[in-house]
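In what follows, a single structure is set out as structure tokens and then discussed.
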Amino acid sequence: MATANLLSRRSVVREYLHGAYWVLPTLGIIIGLGAGALLSMIPVKPGSLIDKMMFQGTAADARDVLIVVSATMITTIGIVFSLTVLSLQIASSQFSVRLLRSFLRDVPNQVVLAIFACTFAYSTGGLHTVGEHASGGAFVPKVAVSGSLALAFISIGALIYFLHHLVHSIQIDSIIEKAQQRTLALVDELYPELDTPDRQSESPPTPPDQAAPLLAPQSGYLQTVEIDDIAATAAASGHTVQFVVFVGDYVTAGGQLGWCWRRGEAASAAEPDVVQRCLRNVHIGFERTLQQDIRFGLRQIVDIGLRALSLAINDPYTAIQVVHHLSAVESVLATRAMSDDVRRDESGEVLVWLPYPGFATYLHLGCSQIRRYGTREPLVLAAVLQLLSSVAQNCVDPARRAAVQTQIDLVVRTAKRELTDEADRELVIGAATRATDVVNRPGTLAPPPSVFGQVAAVAAASAATQRADGG
């Protein structure tokens, strides 16, 4: 158990360090100072091959080189910081403030900044050794000065790469794709098994009257639950722990997280120290993370679409792109067996029960707000129906197919209520009919994208015009 606790703490620390922008630059400064000190002590024999390849100037020349490199690096660091802040501003204003964490966790940016910091520290520290007198002459650490020149060229390459990476990182396609891949990776981690028609669902245990409540020690978002550690505690002490909130929910200090009770024929109240040990493995923070929260990954993607549909930006095609990427995530979710995370002992007794949102919740999160904000553009609604068609294709559970049909009906109601043009309504209603066919006939493949896109819009407009002319 001590090993498990240590691993869980390391996971939390690693998650923090991954998003801390100061870690790699600080490490770069330490490496630069250490490397400069070591290289300055390397003797070079006059007239040797190494001596001919190293820096050939005087002590004054060496100091000038180090001053130029260090001054250039501190200026470059300022430029990099400015460009990074600019990219964060663009990401928050154009896409979503919830994407800032992803930009801060961008390792290439941190590595480039660490290279600049290392070069600055290396060159500045080298000024301390140049000019010192040894045996009556000026001392020039040729290897160290040559290293400063090499780092300067490496920094130029890093700057070029940084500009290239920055330009690509703020492209909308790249941002959505990264959010999609991170979410899919979490889906694979939490729901690795495929859904089957004969899958049986479990019901959580009913806490006894003597069960002690698990109360949140602070306000914030439930970020992670170290369920292995809690299960080990429950197994060793003969307790059962049941959570009643989802990872990603906001809880207030003193709010209920779940229940804890001692197992046995006559269930009794949990021991206070067991409750405290369980709470130590529940991590609550000021922000949501993607460690155990698939809904947050969907929220990041949906927010990009909502920002694109806002009156300030008015970019419906970006919203359609968002729906396309959402369909990739929702379609995978439709194939996975979704159950709560339950840990049992050897006799089958429940140790820990951690609930997860169901498929209908994930589908509603991916469709509902985009459906409401996209009422001005029928192609956005048609894209949502294309998503639902792709999801229905992968559903083997009748309850999930019913959830898909519910979303289809909501899109149709929205179109009939908000779209005034007959051609627009016909586009959406026709797409809904094709999506419903997939829902009602298991095993049916989803129609091609043209049924939900511009081709279908042209056909709907043509049919509406013909009816109007005929009337």
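The values are calculated or read from the model by the stated rules, or taken from the named source; none is laboratory data. Being a predicted model, the structure only gives us computed values, none of them experimental. All Cβ positions, even for glycine, are placed from backbone atoms using ideal geometry, and neighbour counts span all protein chains on display. For the accessible areas, the whole protein counts, side chains as well, though only heavy atoms, and no ligand, DNA or RNA atoms are used. Shrake-Rupley method; radii C 1.70, N 1.55, O 1.52, S 1.80 Å.
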Picking from VAL140, SER389, SER201, whose Cα lies most toward the positive end of the charge dipole for the chain (charges on Cβ: Lys, Arg +1; Asp, Glu -1)? VAL140
So, in nm, how far is label VAL167 from label VAL97 when the simple model puts each one 7 Å beyond its Cα toward the Cβ? 3.1
Counting Lys and Arg as +1 and Asp and Glu as -1, each charge on the Cβ, what is the dipole of the range 162-295 about the Cα centre in debye, to the nearest 20? 360
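Counting Lys +1, Arg +1, Asp -1, Glu -1, what net charge surrounds ALA234 among other residues with beta carbon under 15 Å of its beta carbon?
Numbers: positive: ARG262, ARG263, ARG277, ARG280, ARG343, ARG344; negative: GLU226, ASP228, ASP229, GLU271, ASP273, ASP341, ASP345, GLU346, GLU349.
Charge balance near ALA234 sits at -3.
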Which distance in nm do the two modelled labels at ASP273 and LYS45 give, with both placed 7 Å along the Cα-to-Cβ direction? 6.9
Over the alpha carbons of the range 290-341, what is the largest minus smallest coordinate on each principal axis, giving the biggest first in Å? 42, 20, 12
Can you give the angle from 0 to 90° between the axis of helix 359-373 and the longest principal axis of the chain, with both taken from C-alpha atoms, to the nearest 10? 90
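Find the accessible area per residue for the chain; the probe is 1.4 Å, ligands and nucleic acids are left out, and the unit is Å².
Details: 22680 Å² over 471 residues.
So the chain comes to 48 Å² accessible per residue, rounded to a whole number.
Relative to the compact globular guide of 2.2 N^0.38 Å, what is the alpha carbon radius of gyration of the range 159-206, as a ratio? Provide the component values of the computation, followed by the final result.
Values: Rg = 19.3 Å, N = 48, 2.2 N^0.38 = 9.6 Å.
Ratio of Cα Rg to 2.2 N^0.38 Å: 2.02.
According to the square roots a ≥ b ≥ c of the eigenvalues of the Cα gyration tensor, what is the shape class of the range 69-112, taking rounded for a/c under 1.5, prolate for a/b larger than b/c otherwise, and oblate for the remainder?
Numbers: a/c = 5.09, a/b = 2.07, b/c = 2.46.
Oblate, since a/c reaches 1.5 and b/c is not below a/b.
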For Cα extents along the principal axes in Å, the listed values are (i) 100, 78, 37; (ii) 91, 63, 57; (iii) 68, 56, 41; which was obtained by calculation from the structure presented? (i)
I'd like the orientation of helix 316-335 relative to the chain: the angle between its Cα long axis and the longest Cα principal axis, in ° from 0 to 90, rounded to 10. 80
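Using just the helices of the chain, give the 222 nm mean residue ellipticity in deg cm²/dmol: DSSP H runs with n ≥ 4 each add -39,500 (n - 2.57), and the total is spread over all residues, rounded to 500.
Here the helix-only value at 222 nm equals -20500 deg cm²/dmol.
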Work out the length of the dipole vector of the chain about its Cα centre, built from +1 on the beta-carbon of each Lys and Arg and -1 on the beta-carbon of each Asp and Glu, and round it to the nearest 20 debye. 760
When Rg is the radius of gyration of the Cα atoms in the range 221-310 and Rh is its Kirkwood radius, what does Rg/Rh come to? 1.12
Nearest 10, in degrees from 0 to 90: the angle of helix 107-126 to the longest Cα principal axis of the chain is 10
Post the alpha-carbon centroid distance, the range 135-211 to the range 56-104, in whole angstrom. 20
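Quick one: pull the percent of accessible area on the range 218-302 belonging to carbon and sulfur, 1.4 Å probe, ligands and nucleic acids left out.
On the way: 1570 of 3210 Å².
Result for the range 218-302: 49 percent of the exposed heavy-atom area is carbon or sulfur.
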Between ALA150 and GLU349, what is the label-to-label distance in nm when each label sits 7 Å out along the Cα-to-Cβ direction? 6.4
What is the percent carbon and sulfur in the accessible area of the range 355-411, measuring with a 1.4 Å probe over the protein chains and ignoring ligands? 55
Given GluC sites (Glu not before Pro), DSSP loops and at most 13 other Cβ atoms within 10 Å, the longest exposed-site-free stretch of the chain is 1-131
